[in-house]
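Only one structure is covered here, and it is reproduced in the block below.
The values are calculated or read from the model by the stated rules, or taken from the named source; none is laboratory data. Please read these numbers as outputs of a predicted model, since none were measured by experiment. With ideal geometry, Cβ positions are generated from the backbone for all residues, glycine too; neighbour counts draw on all protein chains shown. When the accessible area is computed, the model is the full protein with side chains, heavy atoms only, and any ligands, DNA or RNA have been set aside. Shrake-Rupley method; radii C 1.70, N 1.55, O 1.52, S 1.80 Å.
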Amino acid sequence: MDKSEIKRIEAYLRDKFRLPTLSVFARPNKDDSVEVNIGEEFIGVIFKDDEDGEVSYAFQMAILDIDLPD
């Protein structure tokens, strides 16, 4: 993904989640996905799917059991 696409995704997520500390970064050696952070904490990956001229994005976030409240 190029820089303008990453910035568009970041702006969308910040607005959608009302979270100005959310950041989207390019991944080293990958052009089909980006990393998502809240502050300094990594929270997930967004994958780009460009099939038959239709572009979509899939956000994948793993939640560990130990991170959940009791």
What size of dipole, in debye to the nearest 20, comes out for the chain about its Cα centre when the only charges are +1 on Lys and Arg C-beta atoms and -1 on Asp and Glu C-beta atoms? 400
Using a Förster distance of 22 Å, how high is the FRET efficiency between R18 and E40, based on the Cβ-Cβ distance and rounded to 0.05? 0.70
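State in Å² the accessible area per residue of the chain; use a 1.4 Å probe, count heavy atoms of protein chains only, and round to the nearest integer. Mind showing how you got there, number by number?
Details: 5710 Å² over 70 residues.
On a per-residue basis, 82 Å².
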Of V34, L22, I46, which is farthest towards the positive pole of the chain's charge dipole, taken about the Cα centre with +1 and -1 on the beta-carbons of Lys, Arg and Asp, Glu respectively? L22
Give me the percent of accessible area attributable to carbon and sulfur for the chain, probe 1.4 angstrom. 51
Ratio of Rg to Rh for the chain, alpha carbon only, Kirkwood? 1.01
Debye calc, one equal point scatterer per Cα of the range 31-70, no solvent, log10 I(q)/I(0) at q = 0.24 1/Å comes to -0.83
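Given the Cα-Cα distance of D32 and D49 and 0.36 nm per residue of separation, how much length would full extension add, in nm? Working shown, then result.
Working: separation 17, 0.36 × 17 = 6.12 nm, distance 0.77 nm.
Stretched out fully, the D32 to D49 stretch lengthens by 5.4 nm.
At 0.36 nm per residue, and after removing the present C-alpha to C-alpha distance, how many nm does the segment from A11 to D65 gain when stretched out fully? Each step should come with its number before you reach the end.
Numbers: separation 54, 0.36 × 54 = 19.44 nm, distance 2.94 nm.
Roughly 16.5 nm would be gained on extension.
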